[in-house]
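Taking it in order: structure first as structure tokens, then the write-up.
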Amino acid sequence: GSGYNRLCLPPYLVSGDQHTDSNQNGGLLFGSSYETNNAGVSGMRVVDNNAVPCAMCEATRGAVLMVPGTNQCPTEWKAEYFGYLMSNYYGNYRGEFVCVDSTPERSGFARSNYHQNDWYLTEYFCGNLPCPLTYVQYRESTCVVCSPESQTGGTYVQWGRTKCTSNDTYGDVETVYSGQSAGAHHSESGSGANPLCLVQGDQIRYGDYNDQHNSGSRLYGAQYETNG
């Protein structure tokens, strides 16, 4: 229950005029923590069980997009930061795939073991993801957040196509990159709820990894199921 999406709360909360401090059996909001003790990325293990900080950022160059599967931006785009995909443990409930900085900081709160909203590194699982020609089983997925080098419009994913098309008669649309659709396994309750458009082929870049199954978040290739 409650929401699957990640929130970056401000440091000082302001309650509405009407509120109660008792449990009303509604949506609940918990603080997040890294769960990286068994992570294959050494730089992420140092923040294990610490609260996850966040910063709300403004890019002056217009549109911003997160590219999963690489730590390098497409041509004519600039990296704001790069890191690793994280989400919920594959056996828990769905969360959201997000890009966490490769040199993560600890929040000001003390180390804890509450395990209320744990974030795990995300690993590739072969099948619809072509391995080992493109992706590597159990390898941790990287990511990068990019902004355009010049002012541009908004970005969107056109699912089901390898190139972007548009019915807009007032302007052209450009393909920033084409790739592979991916997400959580339909029979597993956890990992991320949001589908991703992974880069593929020689666009893929890896960071630190160990290619061992570390029981975290999982990423599978998507397929059409349209027979009937």
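The values are calculated or read from the model by the stated rules, or taken from the named source; none is laboratory data. Since the structure is predicted, the reported quantities are computational estimates derived from the model, not experimental observations. All Cβ positions, glycine included, derive from the backbone under ideal geometry; neighbour counts span all protein chains shown. The area values use the complete protein model at the heavy-atom level, side chains included, leaving out ligands, DNA and RNA. Shrake-Rupley method; radii C 1.70, N 1.55, O 1.52, S 1.80 Å.
Tabulated results
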| read-out | value |
| --- | --- |
| For Asp208: the one exception among (1) farther than 16 Å from Thr70 by Cα; (2) open to solvent by less than 80 Å² (accessible area, probe 1.4 Å) | (1) |
| Test: residue in region 80-88 that is of a type in the set (A, V, I, L, M), outside any loop (DSSP other than H, G, I, E, B) and within 19 Å of the chain's Cα centre (by Cα) | yes |
| Output for region 141-183, where each listed residue is closer than 19 Å to Tyr224 by Cα, in contact with a strand residue (DSSP E or B) (Cβ under 6 Å, 6 or more places away or on another chain) and hydrophobic (A, V, I, L, M, F, W, C) | Val157, Ala182 |
| Condition broken by Trp119, with the remaining ones in (1) among the aromatic types (Phe, Trp, Tyr); (2) closer than 26 Å to Tyr12 by Cα; (3) surrounded by 21 or more Cβ atoms within 10 Å (Cβ to Cβ); (4) more than 15 Å from the chain's Cα centre (by Cα) satisfied | (4) |
| Evaluation of Tyr4 against (1) at pLDDT 90 or above; (2) within 15 Å of the chain's Cα centre (by Cα); (3) not aliphatic (A, V, I, L, M) (one fails), failing number | (1) |
| Odd one out for Cys143 among (1) modelled with pLDDT of 95 or more; (2) part of a loop (DSSP other than H, G, I, E, B) | (2) |
| Positions within region 79-92 being touching a strand residue (DSSP E or B) at 6+ places or on another chain (Cβ under 6 Å) and open to solvent by 20 Å² or more (accessible area, probe 1.4 Å), in sequence order | Ala79, Glu80, Tyr81, Phe82, Asn88, Tyr89, Tyr90 |
| Qualifying positions in region 37-77 - surrounded by 13 or more Cβ atoms within 10 Å (Cβ to Cβ) and outside any loop (DSSP other than H, G, I, E, B) | Gly43, Met44, Arg45, Ala51, Leu65, Met66, Val67, Pro68, Trp77 |
| Residue pairs meeting the criteria (Cβ under 9 Å; at least 6 apart or on separate chains; first at negative phi and open to solvent by 80 Å² or more (accessible area, probe 1.4 Å), in region 13-34; second of a type in the set (Gly, Ala, Ser) and assigned to a loop (DSSP other than H, G, I, E, B)) | Leu28/Gly1; Leu28/Ser2; Leu29/Ser2; Leu29/Gly3; Phe30/Ser2 |
| Single residue of Gly95, Gly154, Gly127 found to be touching a residue at least 12 places away in the same chain (Cβ under 8 Å), open to solvent by less than 40 Å² (accessible area, probe 1.4 Å) and of a type outside the set (A, V, I, L, M) | Gly95 |
| Test: residue in region 157-179 that is open to solvent by 40 Å² or more (accessible area, probe 1.4 Å), assigned to a loop (DSSP other than H, G, I, E, B), touching a Lys or Arg at 6+ places or on another chain (Cβ under 7 Å) and at pLDDT 95 or above | no |
| Candidates Asn71, Asn128 - the one that is out of contact with any Lys or Arg (no Cβ under 8 Å at 6 or more places or on another chain) and not basic (Lys, Arg) | Asn128 |
| Hey, Tyr114 open to solvent by 20 Å² or more (accessible area, probe 1.4 Å), under 14 Å from the mean Cα position of the chain (by Cα) and among the aromatic types (Phe, Trp, Tyr) or not | no |
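Quick grid of which residues meet (1) in contact (Cβ under 8 Å) with a residue 12 or more places away in the chain; (2) assigned to a strand (DSSP E or B); (3) touching an Asp or Glu at 6+ places or on another chain (Cβ under 8 Å); (4) under 14 Å from Thr36 (Cβ atoms):
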| position | (1), (2), (3), (4) |
| --- | --- |
| Val100 | yes, yes, no, yes |
| Trp119 | yes, yes, yes, yes |
| Glu123 | yes, yes, yes, yes |
| Cys131 | no, no, no, no |
| Gln137 | yes, no, yes, no |
